[in-house]
Each structure stands twice: as C-alpha cells, then as structure tokens.
Amino acid sequence: MADKEQWNVGKVATFVRLVFGSYRILRFFLCDVMPAIRSRRVARREDIISHLIAQGCSNREILTECITYGAAGVATTRELIGVAAWHLFDRMDLRMRFLSGDEIDRITILEEILRLEPVVGLLYRRAEQNLILDNDGRPEHISAGTLLAIDIRAVNADRAAAGLCPHRLDPNRRILGRRFPRSLMSFGDGPHRCPGAAVALLESVIFLNHLFRVPGIHLAQTPTITSNPLVGSYELRGAIVECNQRLQ
C-alpha cells in the first residue's frame with residue numbers, strides 16, 4: 001500500500017512539473033520570443049532570430065532554437081558552476097591548484113569535474129542505419145530508426161576511456177584515446193556536440209576564478225540535490241555562500 005501511495009505521489013509530482021514547465025515555456029514564448037520575432041520582421045538584426053526568419057523557420061522552430069541557445073545553455077552552465085564550486089569548496093588542494101594555475105589548468109580541472117558529474121546525464125539519438133554493437137563480446141543488433149538512450153555517466157566512467165579509478169576526481173587523469181576530450185561525452189559528440197562547450201567552460205572559469213579570490217569566502221550551506229528526469233541529471237539548489245571579511 002505504501003509503495004502504491006508513493007507511486008501515486010510521484011505521478012502527481014511529475015504532472016505538476018509538466019504543467020509548470022509548459023506554462024513557463026508558453027510565458028517565455030509570449031513575453032519574450034514573440035515580441036522579438038515581430039520586431040525582427042520589421043527590422044533585421046545580427047542575431048539568431050533574424051537568421052532563422054531569413055531561413056523561413058516557423059515560430060515553433062524559432063522558439064525551439066531560443067530555448068536551446070538561451071534557456072538550455074544558461075541552465076547547464078549554471079549547474080556546471082554550482083557543482084564545480086561545491087567540489088572546490090570541499091577540497092582545498094583542488095582549489096589551490098585552480099587558483100595558482102593558468103587558464104588551461106583551470107579548464108582541465110573543470111573538465112574532470114564535468115566528466116565525473118555530467119550536467120546532462122542522458123542523450124537520445126536515433127540510429128540512421130542498421131548497426132551491430134559489441135555488448136561485452138556479444139553482438140547487439142540495432143535496427144535503423146531505433147531510439148537509443150545514452151547513459152553519459154556510465155560512458156564517462158568506462159575504464160576503456162577514463163582509465164583506472166574512473167569514479168575518482170583526478171585532474172591528472174589521462175584520457176585513453178586522442179580524439180576524446182577530457183570531459184569525454186559530457187558535451188556530446190559528433191555533429192551534435194554542444195556548440196557552446198568552449199563558452200560554457202570559459203564562463204565558468206572566469207566566474208569561479210573571481211569568486212574564490214574573495215577573502216574569507218566559504219560555503220555556509222551545502223545545496224540540496226534534486227533530479228531532472230528530462231536530461232537524467234541533477235539540479236543543485238539552496239547553496240549559501242558567505243564572506244567573513246569586508247570587501248575593500
């Protein structure tokens with residue numbers, strides 16, 4: 001009985017999130033995207049909406065791109081900054097290395113954190129042709145058109161790519177295979193690899209470098225962790241950062 005009640009509560013919570021999510025998307029479209037579309041139809045600018053209008057895209061397609069470029073990029077970068085800051089607050093050695101290194105060193109640390117804590121935990125891809133995959137020595141036949149769910153966390157912890165102790169945060173880690181980035185599949189791969197990967201890493205490096213140079217900065221309250229079922233990952237909320245010293 002208890003399991004059934006919990007299942008029902010879970011269904012209600014999922015429905016409520018779906019309703020509020022749809023409401024936020026509708027509000028974003030009516031209050032932000034649609035006014036921008038109208039203004040760009042009158043006078044084009046050097047931006048993505050003007051480009052999409054010129055390509056003959058529908059309002060729905062423009063909304064999808066705006067969510068991808070704006071909301072999705074902002075949300076994932078925010079989570080990256082949050083989880084990276086949490087690790088840096090927890091580990092003095094990591095924080096000192098981050099602050100004393102150059103930009104490449106800092107990005108290396110962030111990529112290792114992201115490998116271990118991918119902001120997007122699930123990617124969905126549809127097979128364009130018949131495939132035969134190696135499943136621990138057994139052939140796995142995939143038909144063309146099959147929708148595949150890729151577990152990014154499992155891929156990033158595969159010893160064949162990450163090496164020994166794949167669940168340990170190690171900035172000195174050597175990724176096996178020259179074509180793989182240090183974050184492995186955290187930004188995707190191939191033609192669908194996140195186009196804003198470099199921007200997200202650089203933004204995070206700049207922000208965290210300034211944050212951790214504030215005298216007396218410390219984590220007064222750790223964040224709570226909730227799940228995001230849409231991308232199979234986490235959301236960090238409620239962290240409180242305090243400073244013991246007055247800023248000059």
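The values are calculated or read from the model by the stated rules, or taken from the named source; none is laboratory data. A quick note: this is a predicted structure, and the numbers were derived from the prediction, not measured. Glycine gets a Cβ as well: all are built from the backbone with ideal geometry, and neighbour counts include every protein chain shown.
Details
- Residue 25 vs. criteria part of a helix (DSSP H, G or I), within 23 Å of the chain's Cα centre (by Cα) and not assigned by TED's automatic domain parsing to the domain that holds residue 199: yes
- Matching residues, the range 218-233, being farther than 22 Å from residue 14 by Cβ and without any contact (Cβ under 8 Å) to a residue 40 or more places away in the chain: 220, 221
- Residues of the range 105-138 that turn out to be exposed (fewer than 13 other Cβ atoms within 10 Å of the Cβ) and at pLDDT 95 or above, as a count: 0
- Answer from 170, 151 - the residue that is in contact with a strand residue (DSSP E or B) (Cβ under 7 Å, 6 or more places away or on another chain), touching a residue at least 24 places away in the same chain (Cβ under 8 Å) and more than 21 Å from residue 73 (Cβ to Cβ): 151
- The lone exception for residue 89 - which of (1) crowded, with 18+ Cβ neighbours inside 10 Å; (2) out of contact with any helix residue (DSSP H, G or I) (no Cβ under 6 Å at 6 or more places or on another chain); (3) over 21 Å from residue 217 (Cβ atoms) it fails: (3)
- Scan the range 231-248 for residues that are surrounded by 11 or more Cβ atoms within 10 Å (Cβ to Cβ) and aliphatic (A, V, I, L, M) and the total you get is 4.
- Taken over the range 154-201, the criterion of being part of a loop (DSSP other than H, G, I, E, B), under 15 Å from the mean Cα position of the chain (by Cα) and of a type outside the set (Lys, Arg) is satisfied by 183, 184, 185, 186, 187, 188, 189, 194, 195, 196.
- For the range 54-68, the set of residues classified as surrounded by 11 or more Cβ atoms within 10 Å (Cβ to Cβ), under 20 Å from residue 195 (Cβ atoms) and without any contact (Cβ under 8 Å) to a residue 40 or more places away in the chain consists of 57, 61, 62, 63, 64, 65, 66, 68, listed by residue number.
- Number of the condition not met by residue 48 [criteria: (1) surrounded by fewer than 18 Cβ atoms within 10 Å (Cβ to Cβ); (2) in the same structural domain as residue 221 (by TED's automatic domain parsing)]: (2)
- Any chance residue 84 is touching a residue at least 60 places away in the same chain (Cβ under 8 Å) and in a helix (DSSP H, G or I): yes
- Matching option when the condition is in a helix (DSSP H, G or I), assigned by TED's automatic domain parsing to the domain that holds residue 211, at pLDDT 95 or above and charged (D, E, K, R), among 78, 95: 95
- Filtered residues of the range 202-228 (kept if in a loop (DSSP other than H, G, I, E, B) and loosely packed, with under 10 Cβ neighbours inside 10 Å): 213
- Looking only at the range 41-53, and only at residues there that are more than 23 Å from residue 199 (Cβ to Cβ) and part of a helix (DSSP H, G or I), the one that is nearest to the chain's Cα centre (by Cα): 53
- From the list 78, 97, the one residue that fits, being surrounded by 14 or more Cβ atoms within 10 Å (Cβ to Cβ), among the basic types (Lys, Arg) and in contact (Cβ under 8 Å) with a residue 24 or more places away in the chain, is 97.
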